[in-house]
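J.: My questions will all concern the structure given below.
The values are calculated or read from the model by the stated rules, or taken from the named source; none is laboratory data. A quick note: this is a predicted structure, and the numbers were derived from the prediction, not measured. Counting neighbours? That spans all protein chains shown, and the Cβs are built from the backbone with ideal geometry, glycine included. Note: accessible area is taken over every heavy atom of the protein model, side chains too, but ligands, DNA and RNA are not part of it. Shrake-Rupley method; radii C 1.70, N 1.55, O 1.52, S 1.80 Å.
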Amino acid sequence: MANVIPYSFRGALFSGNHDFASGGNAFKLALYTTSPYNTSSTVYNATGELGTSGTNYSTGGKALGTQALASGTAVASVDFADVEWTSATITSATHGAIYNSTTVDSLANRLCVVLDFGGAKTCTNGTFKITFPSPTSPGDAILSMA
């Protein structure tokens, strides 16, 4: 499976339910041992989340900071500051989910994108870091629309 933009995200985006501008909505990244996505997924779900499969990891994931938007003539994309869990022991993180932790249109924790890490990623009493690509290269951005 590749990274997935949920069906529900598209409708919510065009309804104005996500504000990716700096100072807009708050977003989080949760880590999973299995994919948290199916075609009816609309919100963050703790099923399959790391939970007890790691130390220094809390259910619900970690807040993402420093949102940055980039747009060109044909593409708009968003970037987040890299996120890391320090002094962590994490086993079998295969997926991540970015979700909007701000309640919009009466719905909390709207799912934005599910990341496929391409296999199990681990760290032992170290730093587990997610490095986001630059939004200035739209083909590499974590979330972009053409």
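J.: Could you check region 2-37 and list, in sequence order, the residues that are aliphatic (A, V, I, L, M) and within 12 Å of the chain's Cα centre (by Cα)?
T.: Our first condition is that a residue be aliphatic (A, V, I, L, M); within region 2-37, this holds for 2, 4-5, 12-13, 21, 26, 29-31.
Scanning region 2-37 gives 4, 5, 26, 29, 30, 31.
J.: Can you tell me which of 74, 120 is assigned to a loop (DSSP other than H, G, I, E, B), surrounded by fewer than 16 Cβ atoms within 10 Å (Cβ to Cβ), out of contact with any Lys or Arg (no Cβ under 7 Å at 6 or more places or on another chain) and touching a residue at least 24 places away in the same chain (Cβ under 8 Å)? Quick ask: steps written out before the conclusion?
T.: Values: 120 fails: assigned to a loop (DSSP other than H, G, I, E, B).
Answer to the selection: 74.
J.: With (1) in a strand (DSSP E or B); (2) open to solvent by 70 Å² or more (accessible area, probe 1.4 Å) as the list, and residue 89 as the residue in question, which single condition is left unmet?
T.: Just one mismatch for residue 89, condition (2).
J.: Would it be correct to say that residue 90 is more than 20 Å from residue 5 (Cα to Cα) and either hydrophobic (A, V, I, L, M, F, W, C) or touching a His at 6+ places or on another chain (Cβ under 7 Å) (or both)? Reasoning before the result, please.
T.: Details: more than 20 Å from residue 5 (Cα to Cα): yes; either hydrophobic (A, V, I, L, M, F, W, C) or touching a His at 6+ places or on another chain (Cβ under 7 Å) (or both): yes.
Criteria met by residue 90.
J.: Within region 89-117, how many residues turn out to be over 26 Å from residue 16 (Cβ atoms), in contact (Cβ under 8 Å) with a residue 60 or more places away in the chain and of a type in the set (Val, Ile, Thr)? Let's see the steps before the verdict.
T.: Our first condition is that a residue be over 26 Å from residue 16 (Cβ atoms); within region 89-117, this holds for 89-95, 116-117.
Of the ones still in play, those that are also in contact (Cβ under 8 Å) with a residue 60 or more places away in the chain are 93-95, 116.
Adding the requirement that they be of a type in the set (Val, Ile, Thr) leaves 94.
Number of matching residues: 1.
J.: For region 38-68, which positions are over 30 Å from residue 125 (Cβ atoms), of a type in the set (Ser, Thr, Tyr), open to solvent by 20 Å² or more (accessible area, probe 1.4 Å) and within 16 Å of the chain's Cα centre (by Cα)? Give the steps one after another, and end with the answer.
T.: Of the residues in region 38-68, the ones over 30 Å from residue 125 (Cβ atoms) are 38-43, 67-68.
After this cut, where a residue has to be of a type in the set (Ser, Thr, Tyr) as well, the list is 39-42.
With open to solvent by 20 Å² or more (accessible area, probe 1.4 Å) added as a condition, the list becomes 39-40, 42.
Scanning region 38-68 gives a single hit, 42.
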